[in-house]
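Just so you know, all these numbers are worked out from the coordinates, no wet-lab data involved. If you're wondering where the values come from, they're calculated on a predicted model, not measured in any experiment. Positions of Cβ are backbone-derived with ideal geometry, glycine not excepted, and every protein chain shown enters the neighbour counts.
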Amino acid sequence: MMLDYSKLAAIRLGYGLSPVIESPADPQALVATVAEAGPKSGDITMDVARQVQLQVKAIRDENADDRLEQQRALSRETLTRGARQVKRRLARAVRDPGGFGERLVQFWADHFTVRAGNGIETLTSSAMVTEAIRPHITGKFGDMMFAAETHPAMVLYLDQQRSVGPNSRAAQRAPNRNLGLNENLAREMIELHSLGVTADYSQEDVRELASLLTGLYYDPASPRIFLPGRAEPGAETVLGVDYGGEEPARLEDIRAVIAHLAAHEATAAHIARKMAVHFIADDPPQPLVDRLTRVFADTEGDLAAMNLTLAEAPELETHLRQKVRQPLDFMVASLRAIGLDGPDVMALTEQEVRGWLMRGLTAMGQPWSQPRGPDGWPEEAQAWATPQGIAARTDWIIRQLPRLRKDMPDPRDLMHAAFGDAASEALQWAVPKAENAREGIAVVLASAEFNRR
């Protein structure tokens, strides 16, 4: 039996079905829910991260007798704050009626990857989601790109604060420090965030863009993100267009080059294919890629229009079960399937979040906000459908999931909650044959059907 639209979209574009949360019935209703994924009161901002960074510096500078204890206390507090933000993200994903808005947040946060290797970086990466991703998921791609590229989390992650114009006033004042360009941000802006690695650009374009980006900076003691004294003097030429040249250098020149990159035809093709790969299939159908490319180009990167194009795509049905759920997707889908709601997740302690959820993601191969590089998490099925990964998922189902809900559902009810009327005959046969409820739940959630969308 085929799925109706509400169930199909929840599985393909969202975080799966829930017995307690109704999914939108049509594409327009689904897209209307995306706005709920915008920033909300309580989402962390860079103001909080700055305060923590300044506290770290103050403790170090004071060199008090109890400095070590102060550092440990601040570290514990920072880890707790970080876990609280993870809990909020997971709760919002579980609660999202169609799941599409929170899936888009995750997609764009991965597109503009920043890695959180410690407690403070968890705060800064969470702040970037709040300030650069959530406000723009129904807006223009160029606005999101500017907010992401200039956000302190990105500046820190790609070492942009170390990039100084060789002929800038800052470099001239410190000739012995060997200050110079860092091309990391410029390269990722072109190769990963906009045109794509196969586009027609040169190393000279990367270097010129790196020169233009000098001046971007982050200091927790100041809200400024651009210091003209660090910028390389003169004009730069990127993809045949001249920028800058005024004195003092201006942040608006960086805004202009980002707008150019965001509107480029190669960017339209790159973003279209990436969205199709993430939401539809590792080898996406070319007609869908072409439609998304046209919509991006015709609307100047209007993400609301891109969202609707995906929501209306017939490929949702024709390419069902062609994507392996990444661990985060699998975990949230499992929480929804057993009937948890957002408040249930928010009721967890930060220690439980770290022990039952974050540790589980790590075991499955997707530690929270810690991809291996700036290209984010892999999309290919073979990256996730590994013996070790499936074993870790099964172990989490058996050991941790029952801690999250004491009155676990009957496996037959769980099967209906997770698949509607579309469970395969093999699964319908296997679930009642399980020796006990725990094994039956594992049969449902560890099945190939549940682990694909």
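Work out the length of the dipole vector of region 320-453 about its Cα centre, built from +1 on the beta-carbon of each Lys and Arg and -1 on the beta-carbon of each Asp and Glu, and round it to the nearest 20 debye. Kindly include the intermediate steps, with their values, before the conclusion.
Details: 17 positive and 17 negative charges, 47 e Å.
Value, rounded to 20: 220 debye.
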(request) Using a Förster distance of 35 angstrom, determine the FRET efficiency expected from the C-beta separation of Arg173 and Glu265, and round it to 0.05. (result) 0.25
(request) For Thr198 and Ala434, compute 0.36 nm times the residue count separating them, minus their Cα-Cα distance, and round to one decimal in nm. (result) 80.0 nm
(request) For region 252-304, run through the GluC sites (Glu not before Pro) and keep only the ones in DSSP coil with at most 14 other Cβ atoms within 10 Å of their Cβ. (result) Glu300
(request) Multiply the residue gap between Arg412 and Ala25 by 0.36 nm, knock off their C-alpha separation, and tell me the result in nm, one decimal place. (result) 136.9 nm
(message) For the pair Arg405/Arg207, report the inter-label distance in nm, with labels modelled 7 Å from Cα in the Cβ direction.
(response) 5.9
(request) May I ask you to derive the FRET efficiency for Glu312 and Arg359 from their Cβ-Cβ distance with R0 = 51 Å, giving the value to the nearest 0.05? (result) 0.85
(request) For an R0 of 51 angstrom, estimate the FRET efficiency from the Cβ-Cβ distance between Asp61 and Ala448 and round to the nearest 0.05. (result) 0.35
(message) To the nearest 20 Debye, how big is the dipole of region 191-329 about its Cα centre, given +1 on the beta carbon of each Lys and Arg and -1 on that of each Asp and Glu?
(response) 560
(message) Which one, Ile190, Leu158, Val206, is farthest towards the positive end of the dipole of region 156-262 when Lys and Arg carry +1 and Asp and Glu -1 on their Cβ?
(response) Leu158
(message) Could you tell me the relative contact order of region 327-445? Use alpha-carbon pairs under 8 Å, at least six residues apart, and round to a whole percent.
(response) 27
(request) Compute the distance in nm between two label points, each set 7 Å from the Cα along the Cα-to-Cβ direction, one at Ala221 and one at Asp290. (result) 5.9
(request) May I ask for the distance between the Cα centers of region 9-34 and region 79-120, given as a whole number of Å? (result) 18
(request) Calculate, in nm to one decimal, what Met346 and Ala235 gain on full extension: separation in residues at 0.36 nm each, minus their alpha carbon distance. (result) 34.9 nm
(message) Only sites in a loop by DSSP and with at most 15 other Cβ atoms within 10 Å count here; which GluC sites (Glu not before Pro) in region 364-446 make the cut?
(response) Glu380, Glu435
(message) Name the residue from Gln388, Val295, Leu181 whose Cα lies farthest towards the positive end of the charge dipole of the chain, charges +1 on Cβ of Lys and Arg and -1 on Cβ of Asp and Glu.
(response) Gln388
(message) Between Ser75 and Arg162, what is the label-point separation in nm under the 7 Å Cα-to-beta-carbon projection?
(response) 2.3
(request) Quote the charge dipole size of the chain about the Cα centre in Debye, to the nearest 20; the model charges only the Cβ of Lys and Arg (+1) and of Asp and Glu (-1). (result) 1500
(request) For every helix of n ≥ 4 consecutive DSSP H residues, a contribution of -39,500 (n - 2.57) applies; sum these over the chain, divide by its total residues, and give [θ] at 222 nm rounded to the nearest 500 deg cm²/dmol. (result) -15500 deg cm²/dmol
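Hey, which of these cross-link pairs are over 20 Å Cα-Cα: Lys40/Lys323; Lys40/Lys87; Lys87/Lys140?
Going by Cα-Cα distance, Lys40/Lys323; Lys87/Lys140 fall outside the 20 Å limit.
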(message) Classify region 156-262 from the C-alpha gyration tensor, please: rounded if a/c falls under 1.5, else prolate or oblate depending on whether a/b exceeds b/c.
(response) prolate
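For the chain, what's the relative contact order in percent, using C-alpha pairs closer than 8 Å and at least 6 residues apart?
Numbers: 710 pairs, mean separation 89.3, N = 453.
It rounds to 20 percent for the chain.
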